[in-house]
Amino acid sequence: MTEAALVAGRLSQVRRRLAAVNGENVRIVAVTKGHATDAIAAAIDAGCTDIGENYAQELLRKDRALLAHCGNRPQVHFVGGLQRNKIRKLASVVDVWQSIDRLNLGEELARRSPRARVMVQVDLSGEQAKRGCPAAAVPDLVAQLGELGLNVIGLMGIGATGTPEQARPGFAMLRGLVDRLGLSECSMGMSADLEIAVQEGSTMVRIGTGLFGSRPLEQQKSDR
Ligand SMILES: *Cc1c(COP(=O)(O)O)cnc(C)c1O
């Protein structure tokens, strides 16, 4: 089977899983980390309109031309750990900044890309590697980003490690914060826990392995 057919088949499967929990309208962000440009092209051909990227260098390599594949330029979401000094180069490529978790990133972004669409990444698990702003500090950060002129559209979070069910309390907390702050987007749920996330009110799931299979071994860790 061709890569395109494989990805298309997996996308239908993800859509069926979403439909099974009444999530037909939930947006699918195809997270392509570690996968070659063919995989992204296949996802776009299969109808993906939103692509998620984790690593600055990797995203810059997958150039604009590919992202404009077939004239259907996808929305590019940056979902990985972000360093302030990478923002300038990424500013012309990224449409939605999902991993803003501190003010100095917002300040730099407001300089390079005024009125950019951003989401605040919230810590749902206390696990260091997953980053995110502590929940208690989120209202102030959202307000400050707004004052900088950024367009804060919602919040993003990564579910706690463990069984999918163990991610539920964090997802419920994130949705509560989205509502309390009057935001519209709630980005939560990945391949393993998308059902739980949708049940708790996700508007956007970020799917990697569920679309592209397991990740190639070499990952650009040094690129963070
Ligand atoms: C890798 C990644 C995903 C996708 O994870 P899968 O389990 O492969 O679906 C989603 N969000 C972020 C922030 C990621 O780094």
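Okay, here's what the table says:
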quantity: Filtered residue count, segment 15-37, keeping only those that are out of contact with any Pro (no Cβ under 9 Å at 6 or more places or on another chain) and under 15 Å from residue 214 (Cα atoms); calculated: 3
quantity: Filtered residue count, segment 41-70, keeping only those that are within 21 Å of residue 188 (Cα to Cα) and touching a Pro at 6+ places or on another chain (Cβ under 9 Å); calculated: 5
quantity: Single condition residue 153 does not satisfy, out of (1) away from the ligand (no atom under 16 Å from the Cβ); (2) touching a Ser or Thr at 6+ places or on another chain (Cβ under 7 Å); (3) on the phi > 0 side of the Ramachandran plot; calculated: (3)
quantity: Selection from segment 121-142 of residues that are part of a helix (DSSP H, G or I) and surrounded by 13 or more Cβ atoms within 10 Å (Cβ to Cβ); calculated: 130, 135, 137, 138, 139, 141, 142
quantity: Any pair with Cβ under 6 angstrom, 6 or more apart, that starts in segment 28-41 at a residue that is more than 10 Å from the ligand (Cβ to nearest atom) and ends at one that is open to solvent by 20 Å² or more (accessible area, probe 1.4 Å); calculated: 37/66; 38/3; 41/69
quantity: Residues of segment 182-195 classified as open to solvent by 50 Å² or more (accessible area, probe 1.4 Å) and under 18 Å from residue 101 (Cβ atoms), total; calculated: 1
quantity: Residues satisfying the stated conditions in segment 89-115, i.e. farther than 22 Å from residue 36 by Cβ, open to solvent by 10 Å² or more (accessible area, probe 1.4 Å) and within 15 Å of the chain's Cα centre (by Cα); calculated: 101
quantity: Residue 128 touching a Phe, Trp or Tyr at 6+ places or on another chain (Cβ under 8 Å) and modelled with pLDDT under 95; calculated: no
quantity: Residue 94 being in a strand (DSSP E or B) and free of Cβ contacts under 8 Å to residues at least 60 places away in the same chain; calculated: no
quantity: Of all residues in segment 44-70 being away from the ligand (no atom under 13 Å from the Cβ) and in contact with a Ser or Thr (Cβ under 7 Å, 6 or more places away or on another chain), the one that is modelled with the lowest pLDDT; calculated: 66
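Conditions (1) more than 10 Å from the ligand (Cβ to nearest atom); (2) aliphatic (A, V, I, L, M); (3) more than 24 Å from residue 14 (Cα to Cα), marked per residue:
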position: 119; (1), (2), (3): yes, yes, no
position: 131; (1), (2), (3): no, no, yes
position: 135; (1), (2), (3): yes, yes, yes
position: 138; (1), (2), (3): yes, yes, yes
position: 149; (1), (2), (3): yes, no, yes
position: 161; (1), (2), (3): yes, no, no
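The values are calculated or read from the model by the stated rules, or taken from the named source; none is laboratory data. Everything numeric in this text was worked out from a predicted model, so none of it was measured. Glycine gets a Cβ as well: all are built from the backbone with ideal geometry, and neighbour counts include every protein chain shown. Keep in mind that these areas ignore ligands, DNA and RNA; they rest on the heavy atoms of the full protein, side chains included. Shrake-Rupley method; radii C 1.70, N 1.55, O 1.52, S 1.80 Å.
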